[in-house]
Amino acid sequence: MSRKPIRAGIRPSQGESGAEALTERLKDVFSRWATGVTVVATRDAGDVIATTATAFTPLSLEPALVLICLGANALVLPFLEPGARYSISILGEDQQRAASMAADPGPLARTLFPPDGDPVIPDAVAVLHCTVDEVFPRGDHHIVIGAVDDAELGPEKPPLLYFQREYRRLG
């Protein structure tokens, strides 16, 4: 019995070449990965610095660790050095406005958070209170590994999703 060679069913797009073409294809490929939406926030001298992040992953139960990836230019990144405290709010499908506001570093984003305590989004599906363990620069992002100090469950509701560059809902 002779074997036939395997033929790839997915072909690169035509018209672009090299690293630029790969970057554009990767943007499209990565956008097809459905993910939850989080807000990562910390306080600095009373000010809240936050960003919306979709690159969040539970890393380990023992020890309790999570991982977030932030763009190298994220405004919150300089405040997430080892030992810094921060919170991750996992958003529900009714919190798209909060996700959009936290993505913009303007003054409106500050209104999302309580005036004192850990900066969390009220009524988030869940909240993790963390301490930065390690930060690794990789490519155009930084990988932030956080030790989970505490975890809270919020209201039971469907999560907010991000898919093909848009916020989505389950179903």
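The values are calculated or read from the model by the stated rules, or taken from the named source; none is laboratory data. Small disclaimer: the values here were computed from a predicted structure and weren't measured. Note: ideal-geometry Cβ built from the backbone for every residue, glycine included; neighbour counts use all protein chains shown. Note: areas computed on protein heavy atoms with side chains; ligands, DNA, RNA excluded. Shrake-Rupley method; radii C 1.70, N 1.55, O 1.52, S 1.80 Å.
Some notes on this structure:
- When the solvent-accessible area of region 26-160 is split by element, carbon and sulfur atoms take up 57 percent of it, the probe being 1.4 Å.
- Cα gyration tensor category, rounded, prolate or oblate, for the chain with a/c compared to 1.5: prolate
- Taken per residue, the accessible surface of region 76-129 reaches 48 Å², heavy atoms only and a 1.4 Å probe.
- Inter-probe distance in nm under a simple model that places probes 7 Å from Cα toward Cβ, at residue 64 and residue 97: 3.1
- Degrees between helix 18-31 axis and first principal axis of the chain (Cα, 0 to 90, nearest 10): 60
- Segment residue 27-residue 149, length gained on full extension (0.36 nm per residue, minus Cα span): 40.5 nm
- Residue by residue, region 131-140 carries 3J(HN,Hα) couplings of 10, 4, 9, 8, 10, 10, x, 9, x, 9 Hz when phi is fed to the Karplus relation 6.51 cos²θ - 1.76 cosθ + 1.60 (θ = phi - 60°); x denotes Gly or Pro.
- Residue 57-residue 19 FRET efficiency (beta carbon distance; Förster radius 41 Å; 0.05 resolution): 0.95
- Taking amide H positions as modeled 1.01 Å from N, with prolines and chain starts lacking one, the residues under 5 Å from residue 154 and 5 or more places away or on another chain are 126, 127.
- In Hz, Karplus ³J(HN,Hα) per residue of region 33-47 (6.51, -1.76, 1.60; θ = phi - 60°; x = Gly, Pro): 8, 6, 9, x, 10, 10, 10, 9, 9, 9, 10, 9, 6, x, 7
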